[in-house]
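Working notes, beginning with the structure itself.
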């Protein structure tokens, strides 16, 4: 037999309120799968309370309506004061939410999994413990968020999972929604636990007098009015698509274009096509397509009921019995529950915020939304994914002791260190390998590629605006890396390597009388030249280049890269200093003329 109802009592316990006497007049709250619960509480007191002393502090509410009271732990996320009763008592309204709600206040930019890869389970642990953010710009949030993982699927490893411009909570919800992982809360004696799951067996049965059965009784039967019962239970169905198709692209596969599908309902209409969900292969795509299909299918038929059983909370399972419709004699999963109750206040005061009927006492009521337990539940993708537009700065990264040359993988891809990233990573661990956009590429390793060395500043774009899919668009000059062409040599088109091998085309305007309209003032005509760097060895130096055009003396020295000019000048100083010491005629401050720099020229 179901339990008897007793006098309704409402309680609020908050250490921040101290020992002051309060009278709770109304509580209303909503719990939903993959949502944070919120309970609105109204109470009166003869003592003045500063909202700033209560906000963010732990609290506990109790709706005591029988042998199984409803209890919820959390923190006070809102607190208002200022209204007065007719007897000059104070009216207070506050909102209780789980502790994890504070993660909405922490907003940072981080790259997860760039070093050794990361799976969803580890990502959840890292975000809730703020392991990745502990050394970041924002610092650790220091919250003790108790959580439990009841996830059965083996999730793929990711090496580029980006949190960009979103709160820790939004990032966590977005990643869980993408993979079909739901969460709900279980209440203990002194804390709440957030539970993550991906199968319906993660949910527990409601304990209704030792059973999960709840009787349907519309109050027209002979049962007592104070028995636990479902007094109203209705179904609402809506059409859904018949199937879903996912398409994606993976450049590392021999067949980069991928297309997978899953059926939603054999009574569905039309189809849904989505592109760019970032699955690595067709097997992963098929699993994701099934999740997307279940996300839609589980909302096709919803059941809404009204009862007086506080045991029915979001994430609990119950069996409905004695309903006149045979189709309703089944096991159901509570997707959301709205609990409300009010008691007669000790004095008259303004209406409560929960509706005009709040002026008087209302018995405890629980309105639940359910699906059949046999229907797999998947969270709806409500949290938006950042759409990254524009270009972003980064620097080419490399592992330690890689040498002076460019460091890349066997596909010619680079690792970078994003300027927006708040994390602190070891060298070579700040990103996954990223492709570089090239002016030309083709089969059999044909194309054009100028290697980027460590520390080079690059600009990053994102394919389809996806923060997990960066590509190096190009390199730019900065304070440490000069551009090979500036206002001083703006008629020259140069390609200069890290070893100072140079290819140069001077595109100045030619003059028939030996003069030039180019800014350099040279009497030379346009030319093309390939140069190798000068190397100093003892007192001798060499410099070789291939040039097509007329030699011009000192102008030859100016054509060399800056590093080559410096080496040649230093060598000339050494030679002249040595000659001056032996002859006793050369001053240490004598500067060699660049015009004397020898070279081997082919015209």
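So if I check each of 289, 327, which one is under 30 Å from residue 260 (Cβ atoms) and either in the same structural domain as residue 248 (by TED's automatic domain parsing) or at pLDDT below 95 (or both)?
On the way: 327 fails: under 30 Å from residue 260 (Cβ atoms).
So the residue among 289, 327 that is under 30 Å from residue 260 (Cβ atoms) and either in the same structural domain as residue 248 (by TED's automatic domain parsing) or at pLDDT below 95 (or both) is 289.
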Selected residue (criterion: surrounded by the most Cβ atoms within 10 Å (Cβ to Cβ)) from residues of segment 27-54 that are part of a loop (DSSP other than H, G, I, E, B) and at pLDDT below 95: 49
Residue that is modelled with the highest pLDDT, among those in segment 339-379 that are out of contact with any strand residue (DSSP E or B) (no Cβ under 7 Å at 6 or more places or on another chain) and part of a helix (DSSP H, G or I): 359
Name the single residue, out of those in segment 114-133 being over 17 Å from residue 153 (Cβ atoms) and outside any loop (DSSP other than H, G, I, E, B), that is modelled with the lowest pLDDT. 129
In this structure, does residue 317 turn out to be under 28 Å from residue 154 (Cα atoms), in contact (Cβ under 8 Å) with a residue 40 or more places away in the chain and in contact with a helix residue (DSSP H, G or I) (Cβ under 9 Å, 6 or more places away or on another chain)? yes
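Limited to segment 301-319, what total is found for residues that are outside any loop (DSSP other than H, G, I, E, B) and surrounded by 22 or more Cβ atoms within 10 Å (Cβ to Cβ)?
Step one: list which residues in segment 301-319 are outside any loop (DSSP other than H, G, I, E, B), which gives 301-307, 316-319.
From what is left, the residues that are surrounded by 22 or more Cβ atoms within 10 Å (Cβ to Cβ) are 305, 307, 316, 318.
Here the count works out to 4.
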Filter segment 55-79 for residues that are in contact (Cβ under 8 Å) with a residue 60 or more places away in the chain and in a loop (DSSP other than H, G, I, E, B) and give the result. 65, 66, 67, 68, 69
Please list, ordered by first then second residue, the pairs with beta carbon atoms under 9 Å, 6 or more apart or interchain, first in segment 396-422 and assigned by TED's automatic domain parsing to the domain that holds residue 497, second assigned to a loop (DSSP other than H, G, I, E, B). none
Within the bounds of segment 290-297, is there any residue that is in a loop (DSSP other than H, G, I, E, B) and either closer than 30 Å to residue 8 by Cβ or free of Cβ contacts under 8 Å to residues at least 60 places away in the same chain (or both)? no
State whether the residues of segment 400-409 include one that is at pLDDT 90 or above and outside any loop (DSSP other than H, G, I, E, B). no
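For segment 459-498, what are the residues that are assigned to a loop (DSSP other than H, G, I, E, B) and under 21 Å from residue 438 (Cβ atoms)?
Within segment 459-498, the subset assigned to a loop (DSSP other than H, G, I, E, B) is 466-469, 476-486, 490-491, 497-498.
Hits for segment 459-498 are 466, 469, 476, 477, 481, 483, 484, 485, 497, 498.
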Filtering segment 253-283 down to residues that are loosely packed, with under 11 Cβ neighbours inside 10 Å and under 30 Å from residue 411 (Cα atoms) yields 254, 255, 256, 257
Residue 336: passes all of (1) in a strand (DSSP E or B); (2) crowded, with 22+ Cβ neighbours inside 10 Å but (2)
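The values are calculated or read from the model by the stated rules, or taken from the named source; none is laboratory data. On a predicted model such as this, the values are computed, not experimentally measured, just so you know. Virtual Cβ from ideal backbone geometry, glycine too; neighbours counted across all protein chains shown.
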